[in-house]
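Okay, structure first, notes after.
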Amino acid sequence: MKLADLDVIVTAPPAPGWGGRYWILVKLTTDTGIVGWGECYASTIGPEAMVAVIRDVFDRHMADENPENIELMFRRVYSSGFTQRPDLTVMGAFSGLEIACWDILGKDRDRPVHALIGGRMNDRIRAYTYLYPMAHHDLRGFWNDPDAAAESAVDCVARGYTAVKFDPAGPYTLRGGHMPAMSDISQSVAFCKSIRDAVGDRADLLFGTHGQFNTAGAIRLGQALEPYRPLWFEEPTPPDAIDDMAKVARAVRIPVATGERLTTKAEFAQVLRSGAAEILQPALGRAGGIWETKKIAAIAEVFNAQMAPHLYAGPVEWAANIHLAASIPNILMCESIETDFHNDLIRGTIRVEDGYITAPTAPGLGIDVDEDLARAHPYTGTGLHLGMQEAPCDYTNGNAFEGGAAPE
């Protein structure tokens, strides 16, 4: 059996874009006719250029190869161009292709992917979700409204979720880490207080930041949030400021989580060695795929750290996350996005039920991809999956973050 054909579909979820502007799905077909699906979570270049990268990675390193030879193909890609170091874009391309190889292998052997990577350790995986506006909420005002966030949290708990994430401390700027405005700290405290008062001890609070603070600013913010006992303080400093993130971890009594913008065990090992985080959040469509992330999870075991796979993408990457989670002992929880488009794209073959996801038992990834639906919603723009603002933090008028992908 050899990898024979590649197709790439860039599909756009309907506005307001929970999960980003578009999702990059890859479809691999073997010379025996088996189809495997994967998803590339890469946002550093535009979709047209990214499709070209995916095709180059496949043609150069994977075409005509046996899909079993995942370690060999990984080493080819990791070493490409005399590098042998993490490359976010190239590894993002490989990650989606690698996921598709596992889907093929599972279908060929009539076994779910988790059965091929160590077997099922966990029958059910704890899920968490962002807080999203409810039908009666103002879509723009929701992100700065602690009472609306608390109402959404109560709804999530009523549906079985035991953890909810929110990130009211914007902005995300390309200027690097900054000192938060006092209004950002006050708003963050207000969100934590309102949500904690609403849900009590029925749910963990997951406080999201996305690398926007300098070290001192992250410490100021984190210490202000401590009374509300969040389960994690996510990516408080820029992702490559590992030693500085470790300073935050030592100064704040909230576990630090990081990893959505990292790739391969090389980068995650640095995080663990430095003590920067106790919770790792790899995105499997970027981190190197299922096998590489399994290695990351094994390294994390040595450091007594837990895994919480990231998802701000489509349901194919979600399926890969779930198979990894089913197979490892140190899973904390998996991120989930509940929208009609997410559900319909895999025809409801994986769902969150009462706050948990049951490990699939069908062959491969265990999903039924609606290819026609994906092709019926092509992304035709030139934007990136996600973006960052150029304007600096506003210390006079305060800052607002609008969830989802901003209009182009």
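The values are calculated or read from the model by the stated rules, or taken from the named source; none is laboratory data. Note that the structure is a prediction, hence the values are computed from the model and not measured. So basically every Cβ, Gly included, is an ideal-geometry build from the backbone, and we count neighbours across all protein chains shown.
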Checklist entry - Do we find a residue being hydroxyl-bearing (S, T, Y) and surrounded by fewer than 15 Cβ atoms within 10 Å (Cβ to Cβ) anywhere in region 382-391? => result yes
Item to check | Within region 231-253, considering residues that are under 20 Å from K193 (Cβ atoms) and crowded, with 23+ Cβ neighbours inside 10 Å, the one nearest to the chain's Cα centre (by Cα) | outcome: E234
Item to check | Single condition L116 does not satisfy, out of (1) within 24 Å of N330 (Cβ to Cβ); (2) touching a residue at least 24 places away in the same chain (Cβ under 8 Å); (3) not β-branched (V, I, T) | outcome: (2)
Checklist outcome for this item: Among helices (runs of 4 or more DSSP H) entirely inside region 166-262, those with 2 or more residues being closer than 21 Å to N144 by Cβ are 182-199, 215-225
Checklist outcome for this item: Note on region 309-360: residues without any contact (Cβ under 8 Å) to a residue 40 or more places away in the chain, part of a helix (DSSP H, G or I) and crowded, with 24+ Cβ neighbours inside 10 Å are W318, N321
Checklist entry - Does at least one position in region 103-112 carry a residue that is assigned to a loop (DSSP other than H, G, I, E, B) and within 21 Å of the chain's Cα centre (by Cα)? => result no
Next on the checklist: Suppose we filter region 272-291 for residues that are surrounded by fewer than 24 Cβ atoms within 10 Å (Cβ to Cβ) and farther than 23 Å from T237 by Cβ; how many remain?
Outcome noted: 1
Item to check | Extreme residue, surrounded by the fewest Cβ atoms within 10 Å (Cβ to Cβ), among residues of region 190-217 that are out of contact with any strand residue (DSSP E or B) (no Cβ under 9 Å at 6 or more places or on another chain) and farther than 22 Å from M333 by Cβ | outcome: D197
Checklist entry - Within region 124-144, can one find any residue that is among the aliphatic types (A, V, I, L, M), in contact (Cβ under 8 Å) with a residue 60 or more places away in the chain and farther than 23 Å from H310 by Cα? => result yes
Checklist entry - Which one is nearest to D204 (Cα to Cα) among residues in region 107-141 that are touching a helix residue (DSSP H, G or I) at 6+ places or on another chain (Cβ under 8 Å) and among the small types (G, A, S)? => result G141
Checklist entry - Could you give every pair whose Cβ atoms fall below 7 Å, whose first residue belongs to region 291-306 and is at negative phi, and whose second residue is of a type in the set (S, T, N, Q) and crowded, with 24+ Cβ neighbours inside 10 Å, counting only separations of at least 6 or pairs across chains? => result E292/T264
Checklist entry - Which one is nearest to L131 (Cα to Cα), of the residues in region 313-361 that are modelled with pLDDT of 95 or more and among the hydroxyl-bearing types (S, T, Y)? => result S336
